[in-house]
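Values quoted throughout were computed directly from the atomic coordinates according to the rules given, and no laboratory measurement underlies them. Quick caveat: nothing in here was measured; it's all calculated off a predicted structure. Heads up, the Cβs are rebuilt from the backbone with ideal geometry, glycines too, and the neighbour counts pull from every protein chain shown.
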Amino acid sequence: RSADTMNQIIERYRKVPDGLALAAAVIVSLGLAIITGILGAFAGMYRYDRGMSKGDDFVIAMSGLFAVGAFTFIVVFTWLRRLHHEISSRTPLIAWLICVAAAVATTGWPRDNNYQEFIVVGLAVILFCELAGLVFCRRLLIRTPPAITGSAGTAPK
């Protein structure tokens, strides 16, 4: 019963015009990324110093927000676009570039020498999680046809 309902929802989604499906994918992905990012921010702050603010909790929270949120955005956006129609390997790459731009624009260059190490490590964690999302999508969500080769590894004539 629930599988039939899910299949009906997917079929309706596939009938939606491409522009509207793109907007829906961005909105849903962004909403889920914000929710999971906030959870990641709280988890990072708690893991770092049990929530006892030393003044650097904001940097830790931003790192957790963008790391977890970016992974979620890349995976959900790619999955929703693939659910609508076949996609190329550029789809998760575009989502990744959006996340990189958002993280760099928000965290910016280290402005305060007291927190510079936290910002640099935070950007490294963000980049790692974004790249993990990109690799995950490219390996599991993108179907590319196998290359046709001849017996000696060359293209057939």
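Here are the numbers for the structure shown:
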| read-out | value |
| --- | --- |
| Ranked by how many other beta carbons lie within 10 Å on average, peptides 79-88, 59-68, 10-19 from highest | 59-68, 79-88, 10-19 |
| Segment V120-R14, extension gain: residue separation times 0.36 nm, minus the distance between their alpha carbons | 34.0 nm |
| Cα lying deepest toward the dipole's positive end in the range 1-84, options L30, F66, T78, charges on Cβ | T78 |
| Cβ-derived FRET efficiency at R0 25 Å, A102 paired with F136, nearest 0.05 | 0.85 |
